[in-house]
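Visitor: Right, I'll just put the structure down here and ask away after.
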Amino acid sequence: MSTSIPRVTGHEPYWGTVALDEDAIDMINKSPTLQRDLADYGAAVSSGATQPMRVGPIVENDNSKNGGITLFDPLTAYPTHVIVGNLAHELGHFENWEADRAFDRSHSVNSHDPNAFAMSGMRFTHREGEAIFENWKVNNEIKAAKDAPETWLAGSKAVVPGSHTPRDTGIQKALDDQHAADVAGHLTEEEDRQLMIAAAMGPVSTVPSMGSDDGTFENYGSEDGLKNPETGPLTKFSPQFDKKGEIQSMSETWASGRTVTQAFEHGKLASSSIVDKDGSVVSNTLYQYGQNGAYQTDTTDAAGKRIGHGDYAADGTAQVSQTGSDGTATSTNYPPAQTHSEAEAAASPSIPARDTTAVAIESDDAADAGLDQ
């Protein structure tokens, strides 16, 4: 990554078809982090690892096919601070793409695992947490500068489908509160960053996606080609990470009233439980891992009776058996399944699949934008 901090002029080749005005360039140069991120992006464009920026109907960082960052079209329809805020967010995705690939590899399960949808949603919201933190850091640097302009935290406001009134998603407060606690606890900068990423994951998980009623957590699971075993929409997502960035647990509460909780050991899914809206246990699942990525699951009901078993091979095949209330057991064999994101990554092995962004409207007069695709 870059060690120097060159001043941004707005005429660098990496801007592509994006033309920013002087106010935006001046705002960018108030943030050393944003300057460094743009220098890194420029180096990637020069090497052919990604494409110059462009304008388009949605805002995204697409690392899968054509590559590159896309910003609003037309740019003139949005305030300067909204453009810069979303640029910082997308550069956050860009800066973390290799870390995201490693995180995805370490936190993936077989696509036929009943927790596959939740694991997919968790991985995506973790990506969003990284980008949101980068945006938050850039904003703080801009706010500290002389004659600081207004800033924008992408995803801090969103429009509920069917409404034109933006709501506060709680992301800004979650980050500010976590940072204050980390400072009081004398945590290192990296420890603070890891806990800030986790703090953003809960609020962003339910922010609606552009053109969809689903929140980001559900939308990504669906985009990954997976079926949600629970009845949506998701009403609450609560991930717990330690200060080293290792996940400890997570839980998802659904509109049905059910809560699904997963526990982890050294980053691996160790167990999961489902509790009904009245607090009664529906099922418990334990994981046992073998060599080369193979693992087994055993699921029991509230009385401790085994009602399911899964054998998941390293090659992606699976054999899943279930026992009905009448004691009849059924077994199904599954071939390897390639998810949507895996297919995209395979098309461009040096660059991970597309990351979507938390873009939100600023006011009733702004163009409609939720979490885009």
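The values are calculated or read from the model by the stated rules, or taken from the named source; none is laboratory data. Just so it is clear, the structure is predicted and the values come from calculations on it, not from any experiment. Note: ideal-geometry Cβ built from the backbone for every residue, glycine included; neighbour counts use all protein chains shown.
Visitor: Can you go through Thr9, Thr33 and tell me which one is at pLDDT 95 or above, of a type in the set (S, T, N, Q), within 25 Å of Gly245 (Cα to Cα) and in contact with a helix residue (DSSP H, G or I) (Cβ under 8 Å, 6 or more places away or on another chain)? Write out each step before concluding.
Guide: On the way: Thr9 fails: within 25 Å of Gly245 (Cα to Cα).
Answer to the check: Thr33.
Visitor: Moving to a separate point now. Return yes when Leu153 is assigned to a loop (DSSP other than H, G, I, E, B), under 22 Å from Tyr220 (Cβ atoms) and at pLDDT 95 or above and no when it is not.
Guide: On the way: assigned to a loop (DSSP other than H, G, I, E, B): yes; under 22 Å from Tyr220 (Cβ atoms): yes; at pLDDT 95 or above: yes.
Yes; evaluated as a whole, the condition is true for this residue.
Visitor: So, restricting to helices (runs of 4 or more DSSP H) that lie completely within segment 5-122, which ones have at least 3 residues that are crowded, with 21+ Cβ neighbours inside 10 Å? If you could, list the steps in order and put the result at the bottom.
Guide: Values: elements: 22-28, 32-47, 80-95, 97-106.
Helices (runs of 4 or more DSSP H) meeting the threshold: 22-28, 32-47, 80-95.
Visitor: Return a yes/no flag: does segment 222-236 have any residue that is within 28 Å of Pro166 (Cβ to Cβ), more than 15 Å from the chain's Cα centre (by Cα) and without any contact (Cβ under 8 Å) to a residue 24 or more places away in the chain.
Guide: There is at least one residue in segment 222-236 that is within 28 Å of Pro166 (Cβ to Cβ), more than 15 Å from the chain's Cα centre (by Cα) and without any contact (Cβ under 8 Å) to a residue 24 or more places away in the chain.
Visitor: Tell me which of these Phe237 doesn't satisfy, since it passes every other one: (1) touching a helix residue (DSSP H, G or I) at 6+ places or on another chain (Cβ under 9 Å); (2) not in a strand (DSSP E or B).
Guide: Condition not satisfied by Phe237: (2).
Visitor: For segment 267-290, indicate whether the set of residues that are hydrophobic (A, V, I, L, M, F, W, C), without any contact (Cβ under 8 Å) to a residue 24 or more places away in the chain and crowded, with 17+ Cβ neighbours inside 10 Å is non-empty.
Guide: To start, the set of residues in segment 267-290 that are hydrophobic (A, V, I, L, M, F, W, C) comprises 269-270, 274-275, 281-282, 286.
Then keep just the ones that are without any contact (Cβ under 8 Å) to a residue 24 or more places away in the chain; that gives 270, 274-275, 281, 286.
Among the residues that remain, those that are also crowded, with 17+ Cβ neighbours inside 10 Å are: 274-275.
Scanning segment 267-290 turns up at least one residue that is hydrophobic (A, V, I, L, M, F, W, C), without any contact (Cβ under 8 Å) to a residue 24 or more places away in the chain and crowded, with 17+ Cβ neighbours inside 10 Å.
Visitor: Related question: Residue check: is Ser251 outside any loop (DSSP other than H, G, I, E, B), crowded, with 17+ Cβ neighbours inside 10 Å, touching a residue at least 12 places away in the same chain (Cβ under 8 Å) and hydroxyl-bearing (Ser, Thr, Tyr)? Outline the logic, then answer.
Guide: On the way: outside any loop (DSSP other than H, G, I, E, B): yes; crowded, with 17+ Cβ neighbours inside 10 Å: yes; touching a residue at least 12 places away in the same chain (Cβ under 8 Å): yes; hydroxyl-bearing (Ser, Thr, Tyr): yes.
So Ser251 fits the description; yes.
Visitor: Another question, then. Looking for something under 15 Å from Asn135 (Cβ atoms) and hydroxyl-bearing (Ser, Thr, Tyr) - is there at least one such residue anywhere in segment 9-31?
Guide: yes
Visitor: With the checklist (1) in a loop (DSSP other than H, G, I, E, B); (2) under 30 Å from Gln178 (Cα atoms); (3) of a type outside the set (Lys, Arg) in hand, flag the one item Val260 doesn't pass.
Guide: Evaluating Val260 over (1) in a loop (DSSP other than H, G, I, E, B); (2) under 30 Å from Gln178 (Cα atoms); (3) of a type outside the set (Lys, Arg) leaves (1) as the failure.
Visitor: Continuing with this model, one more query. Gly215 passes all but one of (1) within 18 Å of Arg105 (Cα to Cα); (2) in contact with a strand residue (DSSP E or B) (Cβ under 6 Å, 6 or more places away or on another chain); which number fails?
Guide: Among (1) within 18 Å of Arg105 (Cα to Cα); (2) in contact with a strand residue (DSSP E or B) (Cβ under 6 Å, 6 or more places away or on another chain), Gly215 violates only (1).
Visitor: Is it the case that Thr317 is of a type in the set (S, T, N, Q), closer than 15 Å to Phe117 by Cβ and free of Cβ contacts under 8 Å to residues at least 40 places away in the same chain? Lay out the reasoning, then the answer.
Guide: Numbers: of a type in the set (S, T, N, Q): yes; closer than 15 Å to Phe117 by Cβ: no; free of Cβ contacts under 8 Å to residues at least 40 places away in the same chain: yes.
For Thr317, the condition - of a type in the set (S, T, N, Q), closer than 15 Å to Phe117 by Cβ and free of Cβ contacts under 8 Å to residues at least 40 places away in the same chain - is not met.
Visitor: Hey, among the residues in segment 183-201 that are crowded, with 17+ Cβ neighbours inside 10 Å and of a type in the set (D, E, K, R), which one's farthest from Ala154 (Cα to Cα)?
Guide: Asp192
Visitor: Something else now. So which residues in segment 251-267 are in contact with a strand residue (DSSP E or B) (Cβ under 7 Å, 6 or more places away or on another chain) and of a type outside the set (S, T, N, Q), if there are any at all? Don't jump to the end; show me each part of the working.
Guide: We begin by selecting, within segment 251-267, every residue in contact with a strand residue (DSSP E or B) (Cβ under 7 Å, 6 or more places away or on another chain); these are 251-255, 258-264, 267.
Across segment 251-267, the qualifying residues are Glu252, Trp254, Ala255, Arg258, Val260, Ala263, Phe264, Gly267.
Visitor: Going by what's in this entry, would Thr317 be described as under 16 Å from Ser272 (Cβ atoms), modelled with pLDDT of 90 or more and of a type outside the set (Gly, Ala, Ser)? Explain how you work it out, then say what you get.
Guide: On the way: under 16 Å from Ser272 (Cβ atoms): no; modelled with pLDDT of 90 or more: yes; of a type outside the set (Gly, Ala, Ser): yes.
Spelling it out, it is not the case that Thr317 is under 16 Å from Ser272 (Cβ atoms), modelled with pLDDT of 90 or more and of a type outside the set (Gly, Ala, Ser).
Visitor: Follow-up question, since we're still on this one. Take the residues in segment 157-174 that are within 17 Å of the chain's Cα centre (by Cα) and closer than 20 Å to Pro233 by Cα, then tell me which one is modelled with the lowest pLDDT.
Guide: The first filter runs over segment 157-174 and keeps only residues within 17 Å of the chain's Cα centre (by Cα), leaving 157-158, 169-172, 174.
Among the residues that remain, those that are also closer than 20 Å to Pro233 by Cα are: 157-158, 169-171.
Details: Lys157: 87, Ala158: 79, Thr169: 92, Gly170: 95, Ile171: 96.
By that ranking, first place goes to Ala158.
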